[in-house]
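See structure below.
The values are calculated or read from the model by the stated rules, or taken from the named source; none is laboratory data. Since the model is a prediction, treat every value here as computed from it, not as a measurement. Glycine also receives a Cβ, built like all others from the backbone with ideal geometry; neighbour counts cover every protein chain displayed.
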Amino acid sequence: MMRFKQKAVAVVVLAMGSLLAGQSSVADPLNYNVLELQSKVQREVSNDTLSASVFVELTQNDPQRLAAEVSKRMEEATRIAKAYPAVRLKTLGQQTYPVYNNQNKLQGWRARADLSLESEDFAAATQLIGKLQGVVQLGGIQFTVSPKVREKVEAELMVDAVKQFRQRADILAGAVAPGKPVRIVHLAVNSGGNVPLQLRFHMSEDTVAAPMGDGAPVVTPGTSQVVVSINGTVQVE
């Protein structure tokens with residue numbers, strides 16, 4: 001009886017060993033000649049969109065009069081902007097808050113309201129900014145590539161990036177295993193690099209209510225760099 005049990009145990013152990021060996025060969029395939037690489041292409045693109053921030057910021061002792069004056073200037077700025085349909089105008093918000101002195105005593109109220117301007121027509125946008133002087137202040141100007149142009153350029157760069165990736169894969173594969181076919185296992189595409197060119201204007205608290213000056217600002221749009229990169233894995237079969 002004991003000898004029968006020992007034989008049965010031996011058979012079970014052998015069967016389990018064969019089963020585990022079979023599962024290991026299926027679940028853990030060995031991948032040889034796997035290569036990871038990257039390709040990157042970029043292009044300088046002329047900025048075609050101007051964005052500007054303008055604002056009204058005033059200080060008074062009477063918060064109601066202060067709010068009325070800020071609203072009046074905002075309405076005047078909106079009225080002037082209507083004569084420039086090529087410029088898109090957007091209200092960003094308005095806020096009023098107390099101002100305290102060094103003894104933490106209330107000495108007045110300050111209110112601020114912000115507008116943003118955006119246009120592909122640089123002449124119209126800069127002319128409008130000049131017209132708005134004395135009503136609002138200029139916070140900053142930046143130039144970017146419009147989404148429509150950027151998407152078109154990115155689509156073209158993606159094709160170039162894939163071609164570059166394939167060429168690099170073939171070169172590496174030829175060094176690892178000459179004459180063997182190459183299979184692309186995974187690709188990840190990343191795009192970006194459209195960093196805006198910014199022109200900013202800073203004013204101290206003492207000049208916060210001062211007008212911008214005379215005439216429209218002179219600007220140079222410049223260019224932005226659009227970049228597409230591909231990270232991927234290939235296998236030499």
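Screening PRO211, PRO217 for residues that are part of a loop (DSSP other than H, G, I, E, B), modelled with pLDDT of 75 or more and either farther than 27 Å from VAL70 by Cα or not hydrophobic (A, V, I, L, M, F, W, C) (or both) leaves exactly one candidate, PRO217. Residue pairs whose Cβ atoms lie under 8 Å apart, separated by 6 or more positions or on different chains, with the first residue in region 87-101 and within 7 Å of LEU115 (Cα to Cα) and the second among the acidic types (Asp, Glu) and surrounded by 15 or more Cβ atoms within 10 Å (Cβ to Cβ), are LYS90/GLU118; THR91/ASP114; LEU92/ASP114. Within region 39-82, the only residue that satisfies the criterion of being touching a residue at least 40 places away in the same chain (Cβ under 8 Å), aliphatic (A, V, I, L, M) and surrounded by fewer than 17 Cβ atoms within 10 Å (Cβ to Cβ) is ILE80. Checking each residue in region 164-181 for being of a type in the set (A, V, I, L, M, F, W, C) and in contact (Cβ under 8 Å) with a residue 12 or more places away in the chain picks out PHE165, ALA169, LEU172, ALA173, VAL176, ALA177.
For region 109-142, a residue qualifies if it is assigned to a strand (DSSP E or B), closer than 29 Å to SER229 by Cβ and modelled with pLDDT of 95 or more, and exactly one does: GLU118.
If you go through region 91-118 and keep only what is of a type in the set (D, E, K, R) and surrounded by fewer than 11 Cβ atoms within 10 Å (Cβ to Cβ), you end up with just LYS105.
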